[in-house]
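Chemist: Could you have a look at this structure, given as structure tokens, before my questions?
The values are calculated or read from the model by the stated rules, or taken from the named source; none is laboratory data. This structure is a prediction, so every number in the text was calculated from the model and none was measured. Cβ placement follows ideal geometry from the backbone for every residue including glycine, while neighbour counts extend to all protein chains displayed.
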Amino acid sequence: MTFVAAVKASRLVLYAAPITLMETATSTILDTTIAALHGIGPSRAAAFRALHLHSVGDLLRHLPFRHEFEHAEEDVATAAPQVPVEGANLAVRGEIVAVRVTPGRKPRIDATLSDGSGTVRLVFFNAPWMKSKFHPGLRGIAEGKAKTRGGYIEMSNPKWTALASGSEEDASNEPASREARLRPVYAASESLSSALIETTLASVLVQACAAIQDPLPPAFREQHALPALSDAYRAFHAPRDLDELAAARRRLAYDELLALQLAVAIRRRLREEGGATVLKSSPKVERDIFARFPFTLTDEQVRAFKEIAADLGATIPMNRLLQGDVGAGKTAVALSAMLLAKVHGTQSAIMAPTELLAEQHFRTISKFLEGSTVRVALLTGSLPASARKTLRLAAKAGEIDILIGTHALLTDELEFKHLAFAVIDEQHRFGVAQRAVLRSKSGVDRTPHMLVMTATPIPRTLALTVYGDLDVSVIRSKPKDRQKIHTRVLPSARADEAYQFLRERAGKGEQAFIVVPAVEESDFGLKAVASHLAFLQAGALTGLRLASMHGQMKAEERDATMTKFLQHELDALVATVVIEVGVDVPNATVMLVEHAERFGLAQLHQLRGRVGRGSKGGVAILIGDATTDDGKARLEAIRSTDDGFKIAELDLAIRGPGEFFGARQSGLPPFVVADLTRDLALLELARRDALAWIARSPRLLAPEEALLRRKILHLYGEAFGLGDVA
């Protein structure tokens, strides 16, 4: 296949953004300011600075966000016999010899372009601004779809690149006739075009690439069939063909993935260097623990516990993620591990993001342990100071076996006698630093084992990145007594049907959530909490006991409102996604989501999981008017499956990793070229390489690793807590 044919077949589009990559170099050319380059005056230099492009190094790292195929120029006489009636792509250079404007509501411009061998008719529809750009004598290149009409070649709305006025002097200064190529397209601005960025970089590209220092040894690159980093940058900016571009992309993507995986492996290694309290299990201990529950644990719950118990029985601190769908029974597994810690005379702690969730854990665990000798306590910020002091003294004296709390567990005043096991629930609500604080509170010279839990199933690619240093236990099945949630999708024109259904359920003593996407009115016509509450109180739900809840309320207000809802003093709660992760309300059976097309799949699934947690089952009604194929696919997917793991993978594919967790997740890596939705194989290769590398060189202290080490610390040192490596 020829180069041109290959490009046409591939329709290759690459996306990237101007973020620092892995290479580091200190050469003069990379430090040279753009303002010092030939042809860059003060105004152009300012335009570059506005895009945060100050030096040649910045310019080199400003990768094109896609590549477009640019056709080779042809003369009209040669191209004419090959242009079919249905059309073909064509690029012609010539001079405008005639212009005609047809006025009207949708003006039309007809221009005739001649290259000396023949003419092409250029037609521009509804483009009045083009009138001032065309005049006889103007030279330029027209590119686009060409068709044969009545013996003439015609191009509709072609791309037009003006070259010169048509004088012999200007024509002699025109760039040479171009060949077919992949043209880079850069993030630009009104005052700085992509073409100017390309031209500026082209003048120094060879020198700049030659100055790049490659952090990967030649033998390593050869083993992995990776081009040199200098070649990769050159090819990404100016690819000769598709194969070269693909190889360049693979190298740059691999470097990003390897940097992350090395940081993850180093963080894991640092944690393993600290010793942990050994908490051995046994068949008898497990039987006694499982007997505390009024139900039989599922096979997957038992398997997850055994995986955790195996870690707890080692001298290396456990660092494990327990993930399961909504209602999968993660709390029972975590409690089983806490009871194992109690068997060994040590303490456990569980930290939740909200007081309501902490209180729910306290009630649930206390109920399971009713009549036992296990001492359970709840520590939250809203407790009186005297009560908090009493609990802190009890924890330090070892008089509390399981301490449940919120951020109050992180205060300097709290100390344990021997904290051997810590659990963090809905861990994406907590940062790395907060987890490190809890880990530092063991009270002895050993590191607590740590279990983090999430009810948002994590796609495999994110499990290898954001949670790459964690071992993973998964509970896919749900307890058999878990009620099914039925999901309906309604257009907004039929919203009254949903309100009537909610009213009927309220008449039976059941409760409902009504979720809207905004706290305040917006320009997008989205329903907001306060206005929608008033609308419902005055209309479809008049007479029902309604209240609102959103993230801008004070925590005490939200907790008070949710407490009223729990105690059935309210029939329905109008809220934002603040209720996405929250307490169990067994009497809540209806989840009504307004503007459902505005929510991500995983988010809709989490909202749906808030109902049907009692004996009556639940119904989720998604009201939305999806206008795009993606939007329609999302609503159909959520309607047709209740498998949170399938939904998570779909959500990642649709929204991308940057939005998967929304604004709550700040630990996503700064990928520029790598794409987690299509680079899984490359990610797994980078992970294997990183583990092997750190096994050989735990802290990257070899002289030849200095460049790589500095870059990893620069990218991930603070976020991953790698200060001990520096």
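Conditions (1) modelled with pLDDT of 95 or more; (2) touching a helix residue (DSSP H, G or I) at 6+ places or on another chain (Cβ under 8 Å), marked per residue:
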residue: Gln360; (1), (2): no, no
residue: Arg363; (1), (2): no, no
residue: Ala385; (1), (2): no, no
residue: Lys417; (1), (2): yes, yes
residue: His428; (1), (2): no, yes
residue: Arg439; (1), (2): no, no
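Chemist: Also: Take residues that are within 25 Å of Val472 (Cβ to Cβ) and tell me which of the strands (runs of 3 or more DSSP E) falling wholly in region 314-405 contain 1 or more. Working first, answer last.
Modeler: Values: elements: 319-324, 347-351, 376-379, 402-405.
Here the list reads 319-324, 347-351, 402-405.
Chemist: For the subset of region 261-286 comprising residues that are among the hydrophobic types (A, V, I, L, M, F, W, C) and outside any helix (DSSP H, G or I), which member is surrounded by the fewest Cβ atoms within 10 Å (Cβ to Cβ)? I'd like the intermediate steps shown before the answer.
Modeler: The initial filter retains those residues of region 261-286 that are among the hydrophobic types (A, V, I, L, M, F, W, C), namely 262-266, 270, 276, 278-279, 285.
Subsequent filtering for residues that are outside any helix (DSSP H, G or I) retains 276, 278-279.
Values: Ala276: 24, Val278: 14, Leu279: 24.
If we take residues in region 261-286 being among the hydrophobic types (A, V, I, L, M, F, W, C) and outside any helix (DSSP H, G or I), then Val278 is surrounded by the fewest Cβ atoms within 10 Å (Cβ to Cβ).
Chemist: Would a scan of region 358-371 turn up a residue that is without any contact (Cβ under 8 Å) to a residue 40 or more places away in the chain and closer than 19 Å to Met450 by Cβ?
Modeler: The answer is yes, given that some residue of region 358-371 is without any contact (Cβ under 8 Å) to a residue 40 or more places away in the chain and closer than 19 Å to Met450 by Cβ.
Chemist: How many of the residues making up region 557-585 are farther than 19 Å from Glu504 by Cβ and touching a helix residue (DSSP H, G or I) at 6+ places or on another chain (Cβ under 9 Å)?
Modeler: Total satisfying the criteria: 16.
Chemist: Would you please name the residue that is modelled with the lowest pLDDT, looking only at residues in region 659-688 that are small (Gly, Ala, Ser) and surrounded by fewer than 16 Cβ atoms within 10 Å (Cβ to Cβ)? Spell out the reasoning first.
Modeler: Quick first cut of region 659-688, residues small (Gly, Ala, Ser) only: 662-663, 666-667, 674, 681, 686.
After this cut, where a residue has to be surrounded by fewer than 16 Cβ atoms within 10 Å (Cβ to Cβ) as well, the list is 662-663, 666-667, 681.
Values: Gly662: 48, Ala663: 35, Ser666: 45, Gly667: 52, Ala681: 92.
Ranking the candidates gives Ala663 first.
Chemist: Residues in region 447-475 that are at pLDDT below 80 and either of a type in the set (Ser, Thr, Tyr) or more than 21 Å from the chain's Cα centre (by Cα) (or both): how many?
Modeler: Residues meeting the conditions: 4.
Chemist: Still on this structure: Which numbered condition in (1) surrounded by fewer than 17 Cβ atoms within 10 Å (Cβ to Cβ); (2) at positive phi is the only one that Asp625 fails?
Modeler: Every condition holds for Asp625 apart from (2).
Chemist: Report whether or not Ala377 is small (Gly, Ala, Ser) and touching a Ser or Thr at 6+ places or on another chain (Cβ under 6 Å). Show your work before the answer.
Modeler: On the way: small (Gly, Ala, Ser): yes; touching a Ser or Thr at 6+ places or on another chain (Cβ under 6 Å): no.
Considered against the rule, which asks whether it is small (Gly, Ala, Ser) and touching a Ser or Thr at 6+ places or on another chain (Cβ under 6 Å), Ala377 comes out as no.
Chemist: Still on this structure: Are there any pairs with C-beta distances below 6 angstrom linking a residue in region 455-474 that is free of Cβ contacts under 8 Å to residues at least 24 places away in the same chain and in a loop (DSSP other than H, G, I, E, B) to a residue that is crowded, with 21+ Cβ neighbours inside 10 Å and among the hydroxyl-bearing types (Ser, Thr, Tyr), with the two at least 6 apart or on different chains, and if so which?
Modeler: none
Chemist: Scan Ala232, Ala188, Ala195, Ala219 and give me the residue that is within 30 Å of Ser43 (Cα to Cα) and without any contact (Cβ under 8 Å) to a residue 40 or more places away in the chain.
Modeler: Ala195
Chemist: May I pose another question? Inside region 583-626, can you point out the residues that are of a type in the set (A, V, I, L, M) and within 19 Å of Gln500 (Cα to Cα)? Let's see the steps before the verdict.
Modeler: Step one: filter region 583-626 for residues of a type in the set (A, V, I, L, M), giving 583, 585, 588, 590-593, 596, 601-602, 604, 607, 611, 619-623, 626.
The answer is Ala588, Val590, Met591, Leu592, Val593, Ala596, Val611, Val619, Ala620, Ile621, Leu622, Ile623.
Chemist: Of the residues that sit in region 574-603 and are free of Cβ contacts under 8 Å to residues at least 40 places away in the same chain and not charged (D, E, K, R), which one is surrounded by the most Cβ atoms within 10 Å (Cβ to Cβ)? Walk me through how you get there before you give the answer.
Modeler: Initial filter on region 574-603 (free of Cβ contacts under 8 Å to residues at least 40 places away in the same chain): 578, 580, 586, 597.
Checking which are not charged (D, E, K, R) leaves us with 578, 586.
On the way: Val578: 18, Pro586: 13.
Checked region 574-603; the qualifying residue surrounded by the most Cβ atoms within 10 Å (Cβ to Cβ) is Val578.
Chemist: Next up: Take the residues in region 708-726 that are among the aliphatic types (A, V, I, L, M), at pLDDT below 90 and assigned to a helix (DSSP H, G or I); name whichever of them is farthest from Val466 (Cα to Cα). Give the derivation first.
Modeler: Narrowing region 708-726 to residues among the aliphatic types (A, V, I, L, M): 708, 712-713, 715, 719, 722, 725-726.
Those still in the list that are at pLDDT below 90 too: 712-713, 715, 719, 722, 725-726.
The next check asks that each one be assigned to a helix (DSSP H, G or I); those that pass are 712-713, 715, 725.
Numbers: Ile712: 15, Leu713: 17, Leu715: 14, Val725: 20 Å.
That would be Val725.
Chemist: Determine which member of the set Ile404, Ile400 is closer than 15 Å to Ala332 by Cα, at pLDDT 95 or above and among the β-branched types (Val, Ile, Thr). Explain how you work it out, then say what you get.
Modeler: Working: Ile400 fails: closer than 15 Å to Ala332 by Cα.
Criteria check complete, one pass: Ile404.
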